[in-house]
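Q: Here it is, the structure in full.
What follows draws every value from the coordinates through simple rules; no lab data is involved. Bear in mind that the values here come from a model prediction, so they are computed numbers and not experimental data. With ideal geometry, Cβ positions are generated from the backbone for all residues, glycine too; neighbour counts draw on all protein chains shown.
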Amino acid sequence: MNIGINRGLLTAALLLAISAAPRAHHSFAAEFDANQPIQLRGTVVRVEWINPHTWIHMDVKKPDGAVERWMIEGGTPNTLLRRGLKKDSLPQGTEIMVDGYKAKNGSNRANGRDITFTDGRKLFLGSSGTGAPRDGRDASEK
Amino acid sequence: MRDKHLVLIVALFSVLLLTPSLLIAQNGSAGAPPAKPYTTPRTPWGEPDLQGTFSNRTITPFERPANVSGREYFTPDEVAAMEKSAAGRNGDEGRTRGTRGDVERAYNDFWWDRGTKVTTLRTSLVVDPPDGRVPALTEEARKRQADEAKRPAFRGAGANGRGTDTWLDRSTFERCITRGLPGAMSPTAYNNNYRITQSPGYVAIQIEMLGGTRIIPTDGRQHVSSSIRQWMGHSTGRWEGDTLVIETTNFTDKILYRGAAENLQLTERIRRVGQDELEYRVTITDPTTFTRPWTLAIPFINTGEDMFEYACHEGNYGMEGILSGAREEERKAAEARKGSPR
C-alpha cells in the first residue's frame, strides 16, 4: 500500500520536475548542436564573468601537440555569486574535462553538459544540497 | 484509511485558515497560539509598507497538472516528495544524450535558481479559472497565431516567433529587451528577485531578470493617451485598504504574452500577508485573445539578499551563436543539395 502511494508521489514529483525544466534566457538548443557531442580536456585560461552568461575559456591540447582555445558557456554570474562562487574560484591552470555539445556555427565554443575535474569530481557539485559548494544545506557544513 | 485522509484534509484547511502565511507558520510560529491578524506596517507617511527584497521562485506548477486535476491543494506528503525531489536534483535526471532537451538544460542545477520549495500548497499558480488552467484562446486569437506561424519574422515576441533569419525573430527575452508583463513578474529559471521601494505617491518595483524598474504612481493620475504604446504598458496604482492595485494598459504589439499583445489589460494586487511574504495576484484580461479573464497568484518571499545587476547585453554571445549557427546550417544544407545526385 505504502509502496503504491510512494510510487505515485514519485511519479508526480518527476512529472513536475520534467515539466518545469529550466530555460536559460536564450535557447541553448538553438546555439549548440545536439548532434555534435564533444569531449574536451584542458586547462582553464580565464573565466569571463559577464551577463547574461559566464564563459570559461580553456586551452585544449590536440593529439598532434597543437593547442586550441575553447569557450564553454556557463551560468549567470548572479546565480553563481549567490552560490558562493567568484570570478577567481576557478583559477587559471585548473585542469578540467568538458562533456558537452559543440556550437552550431562551427567555432570553438560549446556548452558543458558535465564539467569535471580530472579526478572525476564534478565541478560545482560540492554538497548534497543544490550542488553549491557552501549553500548551508549540507549537514556537514553546520 | 478514509478517516486518516479526512483528518489530513481538515488539518490542512485549518492551517490555511488560521495562518495568513503558510511559510511563516513553517518557519517558526508553528505550534504558537493563533496569532493576531497580521497588521501591515505603514511607511512614515502613512501608506501600507510593501518594501523589501523578494523572490518568487517556486516549484509550484504554473498550470494544474493532470494528475492532481480537480484538487486545489497538494497534500503535505505530495509537497514533501516534490521538495525532496527538487532538492536532490542535479540536472541529470530524465535527460537523454543527443537530444534538444539535454542541450537546453545545459549544465546541472548549479546554474539554475528556480527554487526547491513550493511556497504555496496550491496545485497551480493559475487560481482562476477554478480548474487551474489558462483559459482557451478565442477563435480570433487562434487564427492570428496560425497567421503568425506563416510569417516567422513578424514578431520575435513569443513562442511562435522562433525563426533564425534575424535577431528580430528571437524573443524579446533573448534580445535582452524585456519579458514584458506579466512575464517579468512571473518566476523563471533564475534571477527571480525583486526590490520594492516606496516614496509618497509612488511605488517602484526593481526587477533583477533583464533589469528595469517599474515606477507606479499612486496619486490618482489617469493613463496616458492610448496612442502611446510601451513594452511594459502604462501602469497606474491606487491603494485599496492595505492592497496596492495596479492597472496596466497601453501595451505595444511588439511583444506577446501567450498570444495577447496590444489589447492586454492587467490588474495586479499586491499585499503583505506577513513580515516575510507578499501575495501577488494578477488578473489577465484580453477579450480578443482569451475566452475569459484569468488570474495568477504568486507568493513573493523576503530573501534578505541583495539584488544584483543583470546587464544582459554585456556579453550576449548567445545571440551571435544562434544566428551564425543557423547560417552555418544553411550553408551545409546548400552544399549537401549541390553534392547530392539528382
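Q: Starting from the Cα of A:THR43, step 7 Å toward the Cβ, then list every residue of the stretch A:66-101 with an amide N under 11 Å from that point.
A: Flagged as within label range: A:92-96.
Q: A further question on this structure: Let me check I've understood the local charge: for A:ARG69, count other residues with C-beta under 12 angstrom from its C-beta, Lys and Arg +1, Asp and Glu -1. What total comes out? Don't skip to the end; give the middle numbers.
A: Values: positive: A:ARG46, A:LYS61, A:LYS62, A:ARG109; negative: A:ASP59, A:GLU68.
With Lys, Arg at +1 and Asp, Glu at -1, the net is +2.
Q: Quick check: the distance between the Cα centres of the stretch B:36-83 and the stretch B:211-276, to the nearest angstrom?
A: First find each Cα centre; the distance between them is then 21 Å.
Q: With r defined as the distance between the Cβ atoms of B:ASP147 and B:LYS84 and R0 fixed at 35 Å, what FRET efficiency is calculated, to the nearest 0.05?
A: Working: r = 46 Å, r/R0 = 1.30.
Efficiency computed from Cβ-Cβ geometry: 0.15.
Q: State, to one decimal in nm, how far the label point of A:THR118 lies from the label point of B:ARG238, with both points 7 Å from Cα in the Cβ direction.
A: Label-label distance for A:THR118 and B:ARG238, simple model: 6.9 nm.
Q: Hey, another quick one. Round to the nearest 0.05 the FRET efficiency obtained for B:ILE215 and A:ASN108 when R0 = 45 Å and r is the Cβ-Cβ distance.
A: Values: r = 44 Å, r/R0 = 0.98.
The calculated FRET efficiency here is 0.55.
Q: What pairs from A:LYS61/A:LYS102; A:LYS86/A:LYS122; B:LYS36/B:LYS117; A:LYS62/A:LYS86 go past 20 Å between their alpha carbons? Could the numbers behind the result be given before it?
A: Working: A:LYS61/A:LYS102 17 Å; A:LYS86/A:LYS122 17 Å; B:LYS36/B:LYS117 26 Å; A:LYS62/A:LYS86 30 Å.
Among A:LYS61/A:LYS102; A:LYS86/A:LYS122; B:LYS36/B:LYS117; A:LYS62/A:LYS86, the Cα-Cα distance tops 20 Å for B:LYS36/B:LYS117; A:LYS62/A:LYS86.
Q: While we're here: What does a probe at B:THR295 reach in the stretch B:37-75, counting residues whose amide N is under 17 Å from the point 7 Å along Cα→Cβ?
A: B:63-64, B:72-73
Q: Taking the Cβ of B:GLY132 as the center, what net charge do the other residues with Cβ under 12 Å away carry, scoring Lys and Arg +1 and Asp and Glu -1?
A: Values: positive: B:ARG64, B:ARG71, B:ARG122, B:ARG133; negative: B:GLU63, B:GLU72, B:ASP128, B:ASP131.
Within the 12 Å Cβ shell, the charges total 0.
Q: Mind ranking B:246-255, B:226-235, B:328-337 by how tightly packed they are, going by the mean number of other C-beta atoms within 10 angstrom, highest first?
A: Values: B:246-255: 19.5, B:226-235: 15.9, B:328-337: 11.4.
Listed from highest to lowest mean packing, they are B:246-255, B:226-235, B:328-337.
Q: With r as the distance between the Cβ atoms of B:ASN302 and B:LYS36 and R0 = 22 Å, compute the FRET efficiency 1/(1 + (r/R0)^6) and round to 0.05.
A: On the way: r = 20 Å, r/R0 = 0.91.
E(calc), rounded to 0.05, equals 0.65.
Q: Additional query: Could you give the length gained on full extension between B:GLU140 and B:GLU320, defined as 0.36 nm per residue of separation minus the Cα-Cα distance, in nm? Walk me through the numbers on the way to the answer.
A: Details: separation 180, 0.36 × 180 = 64.80 nm, distance 3.53 nm.
This chain segment gains 61.3 nm when fully extended.
Q: For B:THR289, what charge total do you get from the other residues with a beta carbon under 13 Å from its beta carbon, if Lys and Arg give +1 and Asp and Glu give -1?
A: Values: positive: B:ARG142, B:LYS143, B:ARG144, B:ARG258, B:ARG292; negative: B:GLU139, B:GLU140, B:GLU148, B:ASP253, B:GLU262, B:ASP286.
Summing Lys/Arg as +1 and Asp/Glu as -1 gives -1.
Q: Okay, moving on. What lysines does B:LYS143 reach when the alpha-carbon gap must be under 19 Å and sequence neighbours fewer than 8 apart in one chain are set aside?
A: B:LYS254
Q: Continuing with this model, one more query. For a footprinting-style exposure proxy, rank A:PHE32, B:PHE173, B:PHE62 by other Cβ within 10 Å, fewest first. Working shown, then result.
A: Values: A:PHE32 29, B:PHE173 26, B:PHE62 18.
Arranged by neighbour count, lowest to highest, A:PHE32, B:PHE173, B:PHE62 become B:PHE62, B:PHE173, A:PHE32.
Q: Compute the Cα gyration tensor for the stretch A:27-137, then decide on rounded, prolate or oblate, letting a ≥ b ≥ c be the square roots of its eigenvalues: rounded whenever a/c is under 1.5, prolate when a/b is larger than b/c in the other cases, and oblate in all that remain.
A: In terms of gyration-tensor shape, prolate.
Q: What aspartates and glutamates could a cross-link reach from B:LYS332, if we take a straight Cα to Cα line under 17 Å and drop same-chain neighbours fewer than 8 places away?
A: Cross-link targets: A:GLU31, A:ASP33, B:ASP165.
Q: Now, a different point. Using each residue's phi in the stretch A:105-117, evaluate 6.51 cos²θ - 1.76 cosθ + 1.60 at θ = phi - 60° and report the 3J(HN,Hα) Karplus result to the nearest Hz, with x for Gly and Pro.
A: 7, x, 6, 7, 10, 8, 9, x, 5, 9, 10, 10, 6
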